[in-house]
Amino acid sequence: MRYELKEIYCRPWLLNGLSSKLIESHYENNYGGALRRLNAITEQLESLDFKKAPANVVNGLKREELVALNSTLLHELYFASLGGEGKPKKPIADALANDFGSVDRWRQEFMAMANALRGGSGWVVLVYVPRDRRLINQYAADHTQSIAGGVPILALDMYEHAYHIDFGANATAYIDAFMRNVDWAAVAGRYEDATKVEPLRPLVQPEFGDLPGVRVEEVQAMLASGKPVQVIDVRPKHYVSRQQEIIEGIVWRDPDRVQEWIGELSKSDPVVTYCAYGFHIGCKTAIALRDAGFDAKYMIGGHSGWKAIGGPVLPRAE
């Protein structure tokens, strides 16, 4: 399987004290790098003969898979956490007060944990624990500790205390014995419960809810296959003049002058428009084209999404 890019929704140009340059770099290089690494690791695992693979290869790939997957998930949560006013309101304020004593107490602990990581690395994550029905602040060093958002349904303890008394150093025999004793009816019950846990609600743009979008991975595949598709860069003029780069093989068009260049398009081939992040400009241009009778969609994630998946860009000719 391939993991797909999630678009950025925090509107970088509106953030208070965080620059668009910082957010773009974080999204394209760190999040995008984790996503690309995760897909590369997934391909290696899918091609692996687990009966013959050396233990160090299996361990290394699965360890790196955990790091890359959690980095991807946590980065998606990070960007989804930005874009507000920084002041919790009901009902989350009540939940924080109930579980930490007060909102200020939660904030002090959360920020103290973040400050303790200065000069190092890791995450501070606000987590809900279903068993206890309460919130906690959790560290996640090296993107790990658990798969973010995962619900465990089967566990095998491979610390020596779990098998040494019976099996000594013969861990293989212990693993065989464990597998012979798995209560799969109980696992199935936990799986049934886990499937009832809904994923976190996706972020949406309600004003463009009915407008069809196409993922950056799909656009990349269309271009690579040679399928007839008209991909148009409609980032605002001030943005492209600052960044001076464009997707390889694509032409920029001024979104404020749609009626001047719309006649150059063919109504027999689909159109994909994209802006910086996949927000208003790309969507509004796609709507204008659809109103004129074109099969137009917007590219989810925009230019930054393209760069995050490693899509090629070139210096833009004036």
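The values are calculated or read from the model by the stated rules, or taken from the named source; none is laboratory data. For clarity, every value in this text was computed on a predicted model and none was experimentally measured. All Cβ positions, even for glycine, are placed from backbone atoms using ideal geometry, and neighbour counts span all protein chains on display. Accessible surface is based on the protein model in full, side chains and every heavy atom, while ligands, DNA and RNA are left aside. Shrake-Rupley method; radii C 1.70, N 1.55, O 1.52, S 1.80 Å.
Structure notes:
- Pick from the stretch 1-44, criterion touching a strand residue (DSSP E or B) at 6+ places or on another chain (Cβ under 8 Å) and charged (D, E, K, R), ranking: modelled with the highest pLDDT: Glu4
- Among the residues of the stretch 1-53, those that are of a type outside the set (A, V, I, L, M, F, W, C) and farther than 27 Å from Ala276 by Cβ comprise Thr42, Glu43, Gln44, Glu46, Ser47, Asp49, Lys51, Lys52.
- For the stretch 33-46, the criterion of being more than 21 Å from Arg201 (Cα to Cα), basic (Lys, Arg) and loosely packed, with under 14 Cβ neighbours inside 10 Å is met by no residue.
- Residues of the stretch 1-52 classified as aliphatic (A, V, I, L, M) and outside any helix (DSSP H, G or I), total: 6
Okay, residues lined up against (1) at pLDDT below 80; (2) touching a strand residue (DSSP E or B) at 6+ places or on another chain (Cβ under 8 Å); (3) surrounded by 15 or more Cβ atoms within 10 Å (Cβ to Cβ):
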position: Ile92; (1), (2), (3): no, no, no
position: Glu109; (1), (2), (3): no, yes, yes
position: Ala116; (1), (2), (3): no, no, no
position: Tyr139; (1), (2), (3): no, yes, no
position: Ala169; (1), (2), (3): no, no, no
position: Thr172; (1), (2), (3): yes, no, no
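- If the condition is being of a type outside the set (D, E, K, R) and open to solvent by less than 60 Å² (accessible area, probe 1.4 Å), then the stretch 4-17 contributes Leu5, Ile8, Tyr9, Cys10, Pro12, Leu15.
- Filtering the stretch 96-107 to residues that are surrounded by 14 or more Cβ atoms within 10 Å (Cβ to Cβ), in contact with a strand residue (DSSP E or B) (Cβ under 9 Å, 6 or more places away or on another chain) and over 13 Å from Asn137 (Cα atoms) leaves nothing.
- The single residue among Asp193, Asp256, Asp176, Asp269 that is acidic (Asp, Glu), at pLDDT 90 or above, surrounded by fewer than 16 Cβ atoms within 10 Å (Cβ to Cβ) and not in a loop (DSSP other than H, G, I, E, B) turns out to be Asp256.
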